[in-house]
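Participant: This is the structure I want to talk about, given as structure tokens.
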Amino acid sequence: MSTGTRARSILPDQAPYPSRRSLVVSVWPMFVVLLVASQLALGWHTPLWLVHRHRVPYEIIRDDLRNLDLAIGAVSRYVRRNDIDDYLVILGDSVGYSGPGGPEQAVSRYLADLSRPEGGPVVFNFSIPGAQIGDIYVLLLKLHEHGLRPAHLVINTLYSGFMPRTPDPPPVFWLRDELTRLDPDASAVTPPASPPEQKDGTAADRLEERLVAAARRWLPVLAYRDFIREAALDAAGIAESEGRAPEAWYEKPWLDHYLRQPQYQRVYDLRPVVLDQSNPNVYFLERIVAAKAPHTQLLFFATPTNQSLLADIQADHRMAANRGRIDGYMRDLASGDPRVDYVDWTTAVPDDLFVDHLHLLPDGYRLLAELIWQRLAKAGTGACTEVAEQREVGY
């Protein structure tokens with residue numbers, strides 16, 4: 001008797017081992033069910049922390065702008081799922097984003113810390129470093145496209161944004177294609193950032209691009225792959241830290257000379273500012289006010305600037321005159337709607353809280369959050385008080 005025969009005779013009631021084919025046939029339906037379930041879970045119940053931790057991660061947005069829509073969509077589903085009516089959105093540039101520090105040092109984090117104990121609005125931040133005023137307008141349109149109409153909207157403005165663009169930076173830097181899609185009229189009057197990109201790919205390349213786009217649409221695990229990869233690397237402790245350790249401006253002796261280079265002169269442009277529809281900032285600011293939801297309380301604030309850095313230029317009477325004109329224009333813009341507010345915080349943050357001419361140390365962003373929080377308490381009054389009143393925070 002063979003060994004195999006003896007083994008079977010010893011255990012006559014034991015079923016033979018299943019074949020590889022029968023295993024596949026029995027397991028694959030379960031695999032498909034789990035795959036579909038995981039896709040639905042990720043698509044409809046995307047964890048908020050995956051796409052938004054006090055702000056949308058710049059590195060992921062920068063590398064693929066489609067990730068911006070994924071993040072906005074996930075926040076929109078989170079808001080609907082939790083029946084959140086009172087929420088605040090920050091739209092801005094690198095100051096709104098709060099570089100160069102990490103997400104735990106962002107103005108949105110500090111603002112959330114103030115709001116949460118008081119039962120105030122939930123805070124979201126869709127600022128993008130390098131965003132121009134046209135990008136901010138497109139971000140507002142994208143919020144609406146995803147069904148987000150916040151109770152409070154906070155937008156920072158820059159002196160340099162009002163100055164001539166010759167031709168750079170373009171009024172829409174990141175989201176030009178989205179402007180064309182969402183507001184063709186605005187796109188038609190906005191000069192392109194650069195000549196249209198020529199795509200000379202083969203038919204196979206174009207087919208591959210369509211297949212990838214379809215896969216991203218129907219397979220969330222592929223669509224969210226950048227966020228998932230970053231989360232996995234972060235969990236493993238090998239992710240790159242977002243933002244460098246902030247260092248105060250006065251510890252950078254080279255900074256004064258660096259900012260006097262021609263590419264930075266626009267930050268301190270002294271030519272008389274023109275404040276009509278030919279100015280892209282004026283054009284898009286007015287479209288922002290017109291596009292906001294009727295119930296949204298919109299706060300514009302002039303970004304704090306370091307008064308000690310390049311002090312000779314800061315004190316120039318031509319800059320003071322331009323700032324006065326811009327301040328007057330913004331107050332007029334706010335006066336037309338009781339739910340639009342403006343405040344000039346140019347000198348509201350002490351100079352020792354800056355890392356350069358505009359960006360802040362963590363304590364600077366904490367102070368900025370305090371200023372915003374105090375201003376929100378006055379929302380709906382239509383009042384535009386002087387900067388001095390905002391200095392009551394006590395920093």
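Participant: For region 291-357, restrict the atom set to alpha-carbon positions and state the Rg and Dmax in Å.
Facilitator: So, for region 291-357, Rg and Dmax equal 14.4, 43 Å respectively.
Participant: Right, another one. Using a Förster distance of 41 Å, how high is the FRET efficiency between residue 245 and residue 276, based on the Cβ-Cβ distance and rounded to 0.05? Walk me through the numbers before you get to the answer.
Facilitator: Numbers: r = 43 Å, r/R0 = 1.06.
Rounded to the nearest 0.05, the efficiency is 0.40.
Participant: Roughly speaking, what is the stretch gain from residue 332 to residue 295, that is 0.36 nm per residue apart minus the C-alpha to C-alpha distance, in nm to one decimal?
Facilitator: 11.3 nm
Participant: Sort the following peptides by mean Cβ neighbour count (other Cβ atoms within 10 Å, averaged over residues), highest first: 51-61, 359-369.
Facilitator: Highest mean packing first, the order is 359-369, 51-61.
Participant: Tell me, what HN-Hα J-couplings in whole Hz come from the Karplus equation 6.51 cos²θ - 1.76 cosθ + 1.60 at θ = phi - 60° for each residue of region 323-334, using x for Gly and Pro?
Facilitator: Working through the residues one at a time gives 4, x, 5, 5, 4, x, 4, 5, 5, 5, 4, 6 Hz.
Participant: How would you rank 70, 50, going from fewest to most other Cβ atoms within 10 Å of each one's own Cβ? It would help to have the intermediate numbers written out before the result.
Facilitator: Numbers: 70 22, 50 17.
Final ranking by Cβ density, sparse to dense: 50, 70.
All of the numbers you see were taken from the coordinates with simple rules; none came from a lab. Bear in mind that the values here come from a model prediction, so they are computed numbers and not experimental data. Here the Cβ is made from the backbone with ideal geometry for all residues, glycine too, and neighbour counts use every protein chain on show.
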